[in-house]
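Working notes, beginning with the structure itself.
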Amino acid sequence: MPSSRRTLLLSSLLLSSSPFTSAFYLPGVAPSSYDKGQAVPLYVNHLTPGIAAQDDQLHAVLSYDYYNPIFHFCQPKDGPKDVRESLGSIIFGDRIRTSPFELHMGENETCKSVCEEVTFGPRDGRFTNNRIQQAYDINWLVDGLPAAMVSLDPITHAEFYSPGFLLGTVDDNGEKMLNNHFDILIDYHKVAGLPSQETKYRVVSVLVQPASRGNSFIESSGQVDCGEGGSPMILSETQDTKVVWTYSVYWRESDTAWATRWDKYLHVFDPKIHWFSLINSSVFVVFLVGMVSMILIRALRKDIARYNRLDQINLDDLNGTSVVEDGIQEDSGWKLVHGDVFRCPKSPLLLSVLLGNGIQLFVMTGVTVAFALFGLLSPANRGFLGTTILILYTLFGFIGGYVSSRAYKSFGGEAWKRNIVLTPLLVPTMVFIWFFLMNLFVWAKNSSGAVPFTTMIAMVLIWFVISLPLSFAGSWLGFKSQAYEAPTKTNQIPRQIPPPAGTLRPIPSLLLTGILPFAAIFVELYLIMNSLWTSKIYYMFGFLFLCYGLMIITTAATTILLVYFMLCAEDYRWQWRAFNGAGMTGFYVFMNALLFWATRVSFGGLTGAVLYLGYSALIAFLVYILTGTIGFFASWAFVRKIYGSIKVD
Ligand SMILES: *[C@@H]1O[C@H](CO)[C@@H](O)[C@H](O)[C@H]1NC(C)=O
């Protein structure tokens, strides 16, 4: 076991675990300053798939370890060492190691070889060529900054840095050219110290211009010829190919201050169009929600007034003063089901467990997005986002337990022991098993994307040591507190439910309910998926925050509407319908993933497809629980409110 993993495991056992320390020690937040000539380490990370230039499609999802022997990259003399990473960073795929590149602050180097000549066998050549075809990127880190290539925004023509640079390129004849020479361009910023101190230098940007040089060689005297102007390096798939890895380093002075060095990486593609689509969809959503709530409030007000007037008439009848009002018929509509509407739903245990987990997700997402909004999750802190999500989810186990047990108590559930145990176990275990199965696939493919076994154990341990007790404590508190009393009494004998008609039939109603919340998040979702699958930086948390808010409002409004119509049709089984209807958003998220697949992705093999679908399904499942919970609680509050405002004898 590599030592850093062991430390990680050990330290997660103790509470001062790696994720916690990395949460307080913000790597990359304190600037590192170098003296002239001081060594600046270059770290290597995994190889990740990108969007291929030839067809604008994503062809793979697996990432590969940089030191996978198949690529024949040069290793440091005493072997590569792991660089300490946070748990979040490991789970999200980073594998950072030391490298043999020698960079010295402010000292240019032209044409150095990284190591002795290496030989690609036919099999390795074919494998590497396939990765070139799939537009794999090499990822390096210098002083915490990803080595980038300059890209042009296709619409605004603004320059920005996109992390990673190509393993190779494909020319018009389909020939794959391996990039075996790297021009490393580093910008530094001078920091004038006090007169007594020496001038210090800071790294503010790292660019790599890779090149394919077929004629480079190392002379017997040790002199290196980088083969400039020669033919490209093409790996043969039938015989051995000799390759020399070379690099040059150019240091350039820059005005960019250290504090703003990330700006060029955090490029928002055409913010105007982005804003436009967001405003467009939010106007649509707000308009819809406004209309829906107006109709609803009006109808309800009329209903309540009528019901209470009817009561009055009935009372008057009893008193013998018969007042006959025109057009008054029998009671109809949602009031009729007052004796059933708070009847215990089917499988109250499962529902309450899902609700507990949903609330946990809800609070976690809200806090994470808020954190991000305030710039606390800057990409300068590698893996911080992942770590934050993990910690928050773990800590909010308390809220999950509390909500689950209190909801269960309110449903009149009695198997409280099972509720306490299942709340923190059911959903996380399902997610973990799914994650584990996906991981087996990645392992089988010898990809570095697989989460190391020790990290898995660390996750399970964190779960058992922190989240489980917190959840138990929350459950205990939930059972101690009072159940939500129903405002109306439930009849002994359940009412007959008239057969549903039209859009109130289960499937159309579920599909209709889910589509509006999905419309609110559609644009952001597309962008997040894009950056997730191509390992690019997502940094539009302002938009995301708005979208999350819009989604909550739409989910609540549409689900309330669904429940109102159901109750009017005298169907009182609203609990699961509300949960599933709102949860349908997850189904649309999955559909969206399929759409993304159809338009932007073309996988050659089975593994890519399985992983893509598997992870999309996992995300969709979590969205199902999240939106389902929002919809359920909104409806619950609504139902309590309307039945609380009518008089029932
Ligand atoms: C290093 O190379 C860069 C880019 O060619 C050049 O601007 C700079 O002056 C060079 N620095 C030294 C010390 O030669």
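The values are calculated or read from the model by the stated rules, or taken from the named source; none is laboratory data. Quick caveat, the model's predicted, so the values are computed rather than measured. Note that we place each Cβ from the backbone using ideal geometry, even for glycine, and neighbour counts take in every protein chain shown.
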Segment 234-260 residues that are aromatic (Phe, Trp, Tyr) and more than 16 Å from the ligand (Cβ to nearest atom), paired with ones that are modelled with pLDDT of 95 or more and part of a strand (DSSP E or B) (beta carbon under 7 Å, 6 or more apart): none
Residue match in segment 417-424 (condition: more than 27 Å from residue 30 (Cα to Cα), without any contact (Cβ under 8 Å) to a residue 12 or more places away in the chain and part of a helix (DSSP H, G or I)): yes
Test result for residue 105, among the aliphatic types (A, V, I, L, M) and touching a Ser or Thr at 6+ places or on another chain (Cβ under 7 Å): no
Residue selected from segment 143-185 under the condition acidic (Asp, Glu) and within 29 Å of the chain's Cα centre (by Cα), by the criterion modelled with the lowest pLDDT: 153
Pair list, Cβ under 6 Å, 6 or more apart: segment 102-125 residue over 17 Å from residue 252 (Cα atoms) and among the charged types (D, E, K, R), other residue part of a loop (DSSP other than H, G, I, E, B) and away from the ligand (no atom under 16 Å from the Cβ): 117/244
Flag if residue 137 is outside any loop (DSSP other than H, G, I, E, B), within 16 Å of the ligand (Cβ to nearest atom) and at pLDDT 85 or above: no
Candidate set: segment 89-117, residues that are in a loop (DSSP other than H, G, I, E, B) and within 16 Å of the ligand (Cβ to nearest atom); chosen: the one surrounded by the most Cβ atoms within 10 Å (Cβ to Cβ): 103
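Take the residues of segment 68-88 that are of a type outside the set (Lys, Arg) and within 20 Å of residue 145 (Cα to Cα): which is farthest from the ligand (Cβ to nearest atom)?
87
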Residue list for segment 431-470, filter: of a type in the set (Phe, Trp, Tyr) and more than 18 Å from the chain's Cα centre (by Cα): 441, 443, 453, 463, 464
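Please indicate, with yes or no, whether at least one residue in segment 191-202 is within 15 Å of the ligand (Cβ to nearest atom) and either assigned to a strand (DSSP E or B) or out of contact with any helix residue (DSSP H, G or I) (no Cβ under 6 Å at 6 or more places or on another chain) (or both).
Within segment 191-202, one or more residues are within 15 Å of the ligand (Cβ to nearest atom) and either assigned to a strand (DSSP E or B) or out of contact with any helix residue (DSSP H, G or I) (no Cβ under 6 Å at 6 or more places or on another chain) (or both).
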Pair list, Cβ < 8 Å and 6+ apart or interchain, from segment 219-232 residues that are under 14 Å from residue 116 (Cβ atoms) to residues that are in a loop (DSSP other than H, G, I, E, B) and among the hydroxyl-bearing types (Ser, Thr, Tyr): 224/216
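Residue-wise test of (1) in contact (Cβ under 8 Å) with a residue 40 or more places away in the chain; (2) buried (at least 19 other Cβ atoms within 10 Å of the Cβ); (3) in a strand (DSSP E or B).
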| site | (1), (2), (3) |
| --- | --- |
| 141 | yes, yes, yes |
| 154 | no, no, no |
| 161 | yes, yes, yes |
| 172 | no, no, no |
| 177 | yes, yes, yes |
| 182 | yes, yes, yes |
| 185 | yes, no, yes |
| 208 | yes, yes, yes |
Residue 227 being more than 16 Å from the ligand (Cβ to nearest atom), at positive phi and surrounded by fewer than 19 Cβ atoms within 10 Å (Cβ to Cβ): no
Members of segment 118-131 found to be hydrophobic (A, V, I, L, M, F, W, C) and crowded, with 22+ Cβ neighbours inside 10 Å, listed by number: 120
Residue match in segment 69-88 (condition: part of a strand (DSSP E or B) and either touching a Cys at 6+ places or on another chain (Cβ under 7 Å) or within 25 Å of residue 235 (Cα to Cα) (or both)): no
Residue among 532, 504 that is surrounded by 14 or more Cβ atoms within 10 Å (Cβ to Cβ), of a type in the set (A, V, I, L, M) and within 28 Å of the chain's Cα centre (by Cα): 532
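Residue-by-condition table, conditions (1) acidic (Asp, Glu); (2) closer than 16 Å to residue 233 by Cα:
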site: 112; (1), (2): no, no
site: 126; (1), (2): no, yes
site: 137; (1), (2): yes, no
site: 141; (1), (2): no, no
site: 151; (1), (2): no, no
site: 161; (1), (2): no, no
site: 167; (1), (2): no, yes
site: 189; (1), (2): no, no
site: 204; (1), (2): no, no
